[in-house]
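Colleague: Handing you this structure, nothing more for now.
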Amino acid sequence: MASEETQTMTPTATPPAPTGTTEKQAPTRAWATRLVIVGIVLAAMNLRPAITSLGALLEEVRDGLGMSGSLAGLLTSVPPLCFAIFGVMAPRLAKRFGPGAVVCVGMAAIASGLVVRPFIGGTAGFLAATALALAGIAVSNVLMPVIVKRWFPDRVGSMTGLYSMALALGTSLAAALTVPMTDALGGRWQTGLAVWAALAVAAVVPWIPLVRERGTPGTDAPEHVSPAVRQEDAGLRITHSRTAWALAVFFGLQATAAYITMGWMPQIFRDAGVPAGQAGVLLAVTMAMGVPLAFVIPRVATRLTHQGPVVIVLGACGLAGYAGLYLAPAGGAWAWALLLGVSNCAFPLALTMVGMRAKSSVGVAKLSAFAQSTGYLISIPGPLLVGVLYQHSGGWGLPIALMAGLMVPQILIGTLAGRNRTVEDEVAARAATA
């Protein structure tokens with residue numbers, strides 16, 4: 001900035017830009033930044049209601065569509081399957097159309113899927129419309145860390161915390177309000193699920209001017225990285241990084257725990273004698289724990305050279321929550337909901353580590369797509385297996401034992417993923433020794 005002013009004051013300097021160009025660029029950049037923040041918050045609020053609203057009404061949906069327990073387990077496995085399939089496409093789409101445009105279309109896909117799925121008729125149509133909404137969620141999942149890294153490279157922790165907090169807020173609102181809204185709107189589960197499309201429509205709005213103004217000075221966030229880093233990221237073979245694999249496995253295990261919780265926890269409480277409305281509120285409490293903690297944990301994580309201690313604390317809370325669900329699911333329901341809510345904050349921690357383990361937004365895009373797509377593939381069998389074990393054992397003992405058993409490798413692998421290193425350095429070191 002100083003050099004530009006010096007050149008303007010020097011008689012031999014090149015002619016200044018046309019009057020008003022510099023003055024317009026700063027305000028343009030400022031409004032674009034504010035709009036990105038609003039867009040990030042609204043988009044994040046839409047990344048889970050399609051799932052938690054279904055969890056709150058799973059029994060009614062099962063009865064209405066004539067689903068067996070195993071098929072309901074398959075339904076709870078659809079989110080990670082779609083996230084794995086569609087998430088891997090996100091970096092290529094973002095490179096061609098821009099991350100903002102892809103997120104905008106993603107929000108529109110969520111709105112369309114949520115409107116259609118309750119009324120399309122039949123299990124196959126319900127699954128197809130759900131997949132459309134989940135495709136929009138998948139690409140947005142992957143691109144959120146990319147947008148944060150590109151627009152806010154010096155505030156990765158605080159901005160990751162902000163959208164993680166918004167994500168947790170949307171998750172908990174859907175869990176808490178779906179049942180009472182369904183009752184207030186006439187008691188039909190179809191209406192209770194469809195109403196969440198309105199939130200997705202609202203999330204489309206802030207991205208539209210950003211997409212239309214793409215290429216206008218100040219609306220694209222320039223990223224200042226060295227030519228060496230650009231060259232590293234251009235040819236980055238992400239699968240050659242041990243940290244990338246550790247992040248992918250950690251992401252998969254925490255996603256397994258999260259989707260089992262979102263899909264089955266209300267049913268666990270209902271089978272223990274807890275009323276349906278209260279079971280939904282308990283899930284909302286679990287999700288609501290992520291509202292403050294999802295903002296705090298990324299900020300703490302970015303201040304640590306090794307995120308392993310945070311991984312261990314969250315895992316210990318998960319083990320305690322599962323023990324409580326096994327021993328006294330109804331008696332200590334509120335305590336177990338709180339503990340599992342703390343444990344579920346492994347998600348914002350994983351997103352934060354994705355942003356910290358690569359040097360540029362291009363590297364983050366590749367790492368985010370790999371870690372999330374691979375991780376969600378890993379998580380697919382979990383919710384389905386829980387449904388099968390529940391149906392064939394007639395109780396929740398074996399499913400809860402499975403959940404607790406998976407928490408142990410999550411702690412171990414997460415500790416490895418939390419080491420202070422970047423995927424670019426690991427790939428370069430491997431190439432040098434090859």
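The values are calculated or read from the model by the stated rules, or taken from the named source; none is laboratory data. All values reported here derive from a predicted model rather than from experimental measurement. Virtual Cβ from ideal backbone geometry, glycine too; neighbours counted across all protein chains shown. Heads up: the accessible areas ignore ligands, DNA and RNA and are worked out on the full protein's heavy atoms, side chains in. Shrake-Rupley method; radii C 1.70, N 1.55, O 1.52, S 1.80 Å.
Colleague: Please state the charge dipole magnitude for the chain, taken about the Cα centre, from unit charges on C-beta atoms (+1 on K and R, -1 on D and E), reported in debye and rounded to the nearest 20.
Modeller: Once rounded to the nearest 20, the dipole reads 560 debye.
Colleague: May I ask you to compute the full-extension gain from Arg242 to Ala184, defined as 0.36 nm times their residue separation minus their alpha-carbon distance, rounded to one decimal in nm?
Modeller: This chain segment gains 15.8 nm when fully extended.
Colleague: Go ahead and estimate [θ] at 222 nm for the chain from helices alone: -39,500 (n - 2.57) per DSSP H run with n ≥ 4, summed, over the residue count, rounded to 500.
Modeller: -25500 deg cm²/dmol
Colleague: I want the local charge near Met353. Using Cβ-Cβ distances under 12 Å, sum +1 for each Lys or Arg and -1 for each Asp or Glu among the other residues.
Modeller: Taking every Cβ under 12 Å from that of Met353, the sum is +3.
Colleague: Once the principal axes of the Cα atoms of the range 284-384 are found, what is the range along each, listed largest first in whole angstroms?
Modeller: The Cα atoms of the range 284-384 stretch 49, 33, 22 Å along their principal axes.
Colleague: Going highest first, how would you order 397-408, 191-202 by mean Cβ packing within 10 Å?
Modeller: 191-202, 397-408
Colleague: Okay, next question. Each label point is 7 Å from the Cα along the Cα-to-Cβ direction; what then is the distance between the points at Ala320 and Trp31, in nm?
Modeller: 5.0
Colleague: Mind sorting out which of (i) 20.3; (ii) 24.0; (iii) 22.7 is the real mean projected area of the Cα convex hull in nm² computed from the coordinates?
Modeller: So the structure-derived entry is (iii).
Colleague: What distance in nm separates the two pseudo spin-label positions at Ala202 and Arg421, each 7 Å out from Cα along the beta-carbon direction?
Modeller: 4.4
Colleague: Same structure, new question: Taking 0.36 nm per intervening residue step and subtracting the Cα-Cα distance, what contour gain separates Ser393 from Ser158 on full extension?
Modeller: Extra length from Ser393 to Ser158 when fully extended: 80.1 nm.
Colleague: Could you check the simple spin-label distance between Val300 and Ala432, using points 7 Å along Cα→Cβ, in nm with one decimal?
Modeller: Label at Val300, label at Ala432, 3.5 nm between them.
Colleague: Considering only protein heavy atoms and a probe of 1.4 Å, how much of the accessible area of the range 85-188 is carbon and sulfur, as a whole percent?
Modeller: Accessible surface attributable to carbon and sulfur in the range 85-188 totals 68 percent.
Colleague: How high is the relative contact order of the range 282-376, in percent, counting Cα pairs under 8 Å that sit 6 or more residues apart?
Modeller: Relative contact order comes out at 37 percent.
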